[in-house]
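Please read the structure below before turning to the comments.
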Amino acid sequence: MSKIHFIGGEKGGVGKSVVARIVAQYFIDHGQPFLGFDCDRTHGALLRFYTSYAALVDVDDYQSLDRLVDLAAAEPARNILVDLAAQTQLPLARWMTESRLLELAPDLKISLVYWFVMDNGFDSVELLRKFLDQFGGKMQLVLVLNQLRGEQFALLEASGQRARAEALGAKTMALQRMRPCRRSTPTAAVSGQR
């Protein structure tokens, strides 16, 4: 079954492109066929770093989005990776609704996965709530808690939205801050002679 991976979260600066690059590199390292698509014309990370795998997609153009489905359906086991720009949820949702993608995907042998990348702020929690109101349980969801943008997700936990998402089958992962390595200083061997 082919998969279309949407890397989103709606808010700008939460790390969507970082996650898209990590997923792209995972596919390359594990020999999994994929095609990447960038929605951001000015700062497209996939277009910049994975030129031979990536192309531009316009979320305001249904034909451009339909191409994603055609490519996924054409080759079983192909992954389609879409790095969504900020504030693209509305046109994407409109296309999914009007094309009946959520209903047709199983017949086309396509699985839809939405990677919801978030920071620890109120806006991310509210955007997750809106996403779950519209799509909760209708596609696979991966919550990506970007600890590079805040390590404590107390607002998310208190809101109940993480529990709600997980009750609908969502997986949760943390994008952790890398801890600095301590360099060990070589110790000189001490001789007993003076």
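The values are calculated or read from the model by the stated rules, or taken from the named source; none is laboratory data. Computed from a prediction, not measured in an experiment: that's the story for all the values here. Quick reminder, even Gly has a Cβ in these numbers, built from the backbone with ideal geometry, and neighbours come from all protein chains shown. Please note that ligands, DNA and RNA were not included when accessible areas were found on the heavy atoms of the full protein model with its side chains. Shrake-Rupley method; radii C 1.70, N 1.55, O 1.52, S 1.80 Å.
Ordered from highest to lowest accessible area with the whole protein assembly present and a 1.4 Å probe, Glu98, Glu126 read as Glu98, Glu126.
Ligands, DNA and RNA left out, the accessible area of the range 1-92 computed with a 1.4 Å probe is 53% carbon and sulfur.
Annotation: Thr51 carries an accessible surface of approximately 100 Å², with a 1.4 Å probe and no ligand, DNA or RNA atoms counted. If only the Cβ of Lys and Arg carry +1 and only the Cβ of Asp and Glu carry -1, the dipole of the chain around its Cα centre is close to 1060 debye. Loop-located trypsin sites (Lys or Arg not before Pro) across the range 1-50 with a Cβ neighbour count of 10 or fewer within 10 Å are Arg41, with loop assigned by DSSP. The trypsin sites (Lys or Arg not before Pro) of the range 96-185 that DSSP puts in a loop, and whose beta carbon has at most 12 other beta carbons within 10 Å, are Arg100, Lys109, Arg177, Arg182, Arg183.
Within the set (i) -0.51, -0.59, -1.41; (ii) -0.44, -0.52, -1.32; (iii) -0.64, -0.72, -1.23, the number that log10 I(q)/I(0) by the Debye sum over Cα atoms at q = 0.11, 0.12, 0.19 Å⁻¹ takes when calculated for this structure is listed as (i). The accessible area of His43, taken with all protein chains in place and a 1.4 Å probe, comes to roughly 120 Å².
Rounded to the nearest whole Hz, the Karplus-based 3J(HN,Hα) values (6.51 cos²θ - 1.76 cosθ + 1.60, θ = phi - 60°) of the range 2-15 follow the sequence 6, 10, 9, 9, 9, 9, x, x, 6, 7, x, x, 8, x, with x at glycine and proline. Values of log10 I(q)/I(0) for the range 22-67 across q = 0.14, 0.16, 0.20, 0.30 Å⁻¹ run -0.35, -0.45, -0.66, -1.07, by the Debye formula with one identical scatterer at each alpha carbon and no solvent. One way to sum up the overall shape of the range 82-177 is the equivalent ellipsoid from its Cα gyration tensor, whose semi-axes run 25, 14, 13 Å, largest first. Projecting the Cα atoms of Gly8, Val117, Leu101 onto the dipole axis of the chain, where Lys and Arg carry +1 and Asp and Glu carry -1 at the beta carbon, places Val117 farthest toward the positive end.
Counting only protein heavy atoms and using a 1.4 Å probe, the accessible area of Asp60 comes to about 110 Å². Taking amide H positions as modeled 1.01 Å from N, with prolines and chain starts lacking one, the residues under 5 Å from Thr172 and 5 or more places away or on another chain are Leu143. Sorted largest first, the spans of the alpha carbon positions of the range 28-132 along the three principal axes are 39, 33, 27 Å.
Summing Cβ point charges (Lys, Arg +1; Asp, Glu -1) relative to the Cα centre of the range 1-75 gives a dipole of roughly 320 debye.
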